[in-house]
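Input: a single structure, listed below in C-alpha cells.
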Amino acid sequence: MDDVFSNFDLVLKAFWMTVQLAVLSGVAAMVLGTLLAAMRVGPVAVLRTVASTYVTVVRNTPLLVMCVFVFFAAPNLGLLVGTPFLVKGTIAVGLYTAPFVAEAIRSGVNAVPLGQAEAARAIGMTFAQNMRHVVLPQAFRASVPPLASTLIAMTKNTSVVAVFGIMEATARMRYFVNRNADDTILIFVVFAIGYILLVELISLGAVGLERRWKAAR
Amino acid sequence: MTVTDDAPVGSGTPRSGEPLVELTEVQKYYGGLHVLQDIDLTVDRGEVVVVIGPSGSGKSTLCRTINRLEPIDSGRILVDGAPLPQEGRALARHRADVGMVFQSFNLFAHKTILQNVTLGPIKVRGLAKGEAETRARELLERVGVAQQADKYPAQLSGGQQQRVAIARALAMDPKVMLFDEPTSALDPEMIKEVLDVMVDLAERGMTMIVVTHEMGFARTAANRVVFMADGRILETTDPETFFTSPESDRAKDFLGKILKH
Ligand SMILES: Nc1ncnc2c1ncn2[C@@H]1O[C@H](COP(=O)(O)OP(=O)(O)OP(=O)(O)O)[C@@H](O)[C@H]1O
Ligand SMILES: [Mg+2]
C-alpha cells in the first residue's frame, strides 16, 4: 500500500487522464448527440434515417468493438494515423456515447409540449432557430436526469481504453496491483473512491442544474 | 399595416377595402376526413372576421392553414397578394407576417415575459436587443402586463399570459392576426381583460380573424361573422344579422345551444 501513497502523483496523473478523457468525450458526445437528436426530430427524411441508423447501430455495438475500430481498424484504413491516444480515446468514447445522449435528449424533446414549437414556428422561426432557442433548451432541462446517468456511465466507460495503453485510472490501478499483489483490495478501494468522487461531481452538477431550472419550467 | 402606439384609436379608423387574405377553393383532408371543403373567404385590410361554429367544424384548421402550420391539399391562399411559400426560409418569413394567438397561450416556458416578446424580433427580424426591448416594454404596457416583464409565464394568471401572447405576436408587426379561441381556456373573470385588448386592437385597424364564441366581442368588434359546420362555410353575414336571424338551420340550432349556456 505504501507503494500507492509514495507514488501518489502517478495516481493523480492517472485520474487527470481519466478526467481529460471524460470531459473531452463528454463534450464530443453532447455535441454529436444533440445533433443526432435534432436530426431525428427534424423535417428532412434522409437525416432522420441517417440519425436513427447511427443510433441503432452504435447503441448495439460494445464499446470495446468501437475502440478496436478506432485504435486498429481506422489506422489500417489510413484514418487517424499518428493521432494521439487521448484523441483516439475521445473519439471512441464520444462516438459510442453520442447515441445515448441523443436518446436522452429526444426523450426530453418529447416532453416539451407541442405548442412550444408551434408558437416558435408561428412567429417565423426556422427549424434550426426553433431547436436552438425554444425546443432544445427546454429539452435539456427535462433530460438532466437521463443525461447525468449517461455521462456517469461514460466516465466509468473511459476505463475501457486502458486496454489500448492509455495510462488512465484503471490502467494505473492494474499497474499497482501487479506490483503489490497483497494489497489488491486496498488499491482497488483507493481507485474506487477516485471514480466515486468523479461521478459524484456529475451527480451534484445535475442536482444543481435541476434546482436552478425549477423556477423556469 | 403596422400597429404602433400612436396608431389612430376609435371606430373612425379608415379601413381600406383591398383584400389582404384570400382563400379560394381550399380543400383539406385528414386522411379520409374532409375537414375544409370548398372554402372561399376574403378578408380585407383592417377587417375583423369572427369565425364561429360547432366543435370539429374546422375552425382551428382554417386558422392554421393561413400561416401554413397545416398544408392544404388544393386551392389557393394569398396573403397580401402573395401565395404561401412551400417550405424553408420564405415560409418562416411569411409566418412572421401572420400573428397567431393560441387557445393555450403557448408562451415559451423557459423565457421571461420580456424575452418571450423580444425573441422573435431579435432572432427573426434581426432587431438589436435594446430596440427590441424598448418596443416589447411598450407592447407589454399596452396590454397591461408591464409589471410582470421579468417573471416567467408559469408565474402569471391565464389572462395575463394570453395578453403577453398577444404582445408577442404584435411584436412581429404582423399584417394580420389569427386568434384561435383565445379566451376559451380562461376563467370567466379573465375573459374580459383579454377581449378588451382585442377590441382595442380592432379599433386600431388591425386585420383580425378570430375564432370565438364570445358574442359580445363579435357584436362590438367584428365586421363579419363566418359560420362553419362540417368543414364548410355556411353563412357569412354581419354580426347583428347572424345572431338575431341566422339563415341556415345549422346556425339556428348552434345558436340555440350556445345561448342556452
Ligand atoms: N392533426 C389532426 N389529425 C387528424 N384529424 C384532425 C387533426 N386535427 C383536427 N382533426 C379533425 O379535423 C376536424 C376539424 O378540426 P378542428 O380542430 O379544425 O375543429 P374546430 O372547429 O377547431 O373544433 P373545436 O371547436 O373543437 O376547436 C375534426 O373532426 C378533428 O377531429
Ligand atoms: Mg379549434
Provide the FRET efficiency to the nearest 0.05 for the A:R48-B:E18 pair, computing r from the beta carbons and using R0 = 45 Å. 0.60
So the angle from the long Cα axis of helix B:88-97 to the longest Cα principal axis of chain B, reported in degrees to the nearest 10, equals 90
Considering amide H positions built from the backbone, and no H for Pro or chain starts, which residues 5 or more places from B:M208, or on another chain, come under 5 Å of its amide H? B:E47, B:V48, B:V49, B:M177
Helix axis angle, B:158-170 relative to chain B longest principal axis, alpha carbon, degrees: 80
Using only Cα atoms, find the angle between the long axis of helix B:188-203 and the longest principal axis of chain B, and express it within 0 to 90 degrees, rounded to the nearest 10. 90
Mind listing the long-range amide H neighbours of B:E70? Cut-off is under 5 Å, sequence gap 5 or more, other chains count too, H placed in the peptide plane at 1.01 Å from N. B:T65
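Evaluate peptide B:85-92: per residue, the Cβ atoms of other protein chains within 10 Å of its Cβ; return the mean as an integer.
Working: counts 0, 0, 2, 3, 2, 0, 3, 8.
Counting Cβ atoms of other protein chains within 10 Å of each residue's Cβ and averaging gives 2.
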What residue among B:E133, B:E247, B:E203 shows peak mean-square fluctuation when chain B is described by a Gaussian network model with Cα springs under 10 Å? B:E247
Grab the other residues whose beta carbon is less than 14 angstrom from that of A:I187, score K and R as +1, D and E as -1, and report the net. -1
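Compute the Cα gyration tensor for region A:2-216, then decide on rounded, prolate or oblate, letting a ≥ b ≥ c be the square roots of its eigenvalues: rounded whenever a/c is under 1.5, prolate when a/b is larger than b/c in the other cases, and oblate in all that remain.
In terms of gyration-tensor shape, oblate.
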On the full set of protein chains, 1.4 Å probe, figure out the accessible area of A:T18 and give it in Å² to the nearest 10. 0
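Which of the DSSP-defined H helices in chain A satisfy a minimum axial length of 20 Å, computed from C-alpha atoms, and a minimum mean Kyte-Doolittle hydropathy of 0.5? Please report the intermediate quantities before stating the final value.
Details: long enough: A:8-41 (48 Å, 1.61); A:45-59 (21 Å, 1.01); A:85-111 (39 Å, 0.97); A:136-157 (28 Å, 0.40); A:184-213 (44 Å, 1.68).
Membrane-span-like by this rule: A:8-41, A:45-59, A:85-111, A:184-213.
Is the shape of chain B rounded, prolate or oblate, going by the alpha carbon gyration tensor and its root eigenvalues a ≥ b ≥ c, with a/c under 1.5 for rounded and a/b larger than b/c for prolate?
Working: a/c = 1.63, a/b = 1.34, b/c = 1.22.
Prolate, since a/c reaches 1.5 and a/b exceeds b/c.
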Compute the separation of the alpha-carbon centres of region B:106-129 and region A:137-176 and state it in Å as a whole number. 37
Taking a ≥ b ≥ c as the square roots of the eigenvalues of the Cα gyration tensor of the protein assembly as shown, is the shape rounded (a/c under 1.5), prolate (a/b larger than b/c) or oblate? prolate
For a Förster distance of 22 Å, can you work out the FRET efficiency between the beta-carbons of B:S157 and B:K129, rounded to the nearest 0.05? 0.20
Summing -39500 (n - 2.57) over the DSSP H runs of n ≥ 4 in chain B and dividing by its residue number, what mean residue ellipticity at 222 nm do you reach, to the nearest 500 deg cm²/dmol? -11000 deg cm²/dmol
Using the crude model of +1 on Lys and Arg Cβ and -1 on Asp and Glu Cβ, and no other charge, please compute the dipole size for region A:2-216 relative to its Cα centre, in debye to 20. 820
Around A:R132: net Lys/Arg minus Asp/Glu count, Cβ-Cβ under 14 Å: +3
Full-extension gain between B:Y29 and B:D200, please, as 0.36 nm times their residue separation minus the C-alpha to C-alpha distance. 58.0 nm
Which of A:T90, A:A148, A:L36 sits closest to the plus end of the dipole of region A:2-216, meaning its Cα is farthest towards the positive end, when Lys and Arg get +1 and Asp and Glu get -1 on the C-beta? A:L36
Counting only protein chains, not ligands or nucleic acids, how are A:L80, B:L78 ordered by accessible area (probe 1.4 Å), most first? A:L80, B:L78
From the Cα centre of region A:64-136 to that of region B:185-212, the distance in Å is 44
Treating only the Cβ atoms of Lys and Arg (+1) and Asp and Glu (-1) as charged, compute the dipole magnitude of region A:48-176 about its Cα centre; round to the nearest 20 debye. 60
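Sorted by accessible area with a 1.4 angstrom probe, largest first, how do B:E189, B:E214 fall?
Values: B:E189 130, B:E214 55 Å².
The ranking, largest first, comes out as B:E189, B:E214.
The values are calculated or read from the model by the stated rules, or taken from the named source; none is laboratory data. Quantities reported herein were computed from a predicted structural model and do not represent experimental measurements. Note that each Cβ is placed from the backbone with ideal geometry, even for glycine, and that neighbours are counted across all protein chains shown. Only protein heavy atoms, including side chains, enter the accessible area calculation; ligands, DNA and RNA are left aside. Shrake-Rupley method; radii C 1.70, N 1.55, O 1.52, S 1.80 Å.
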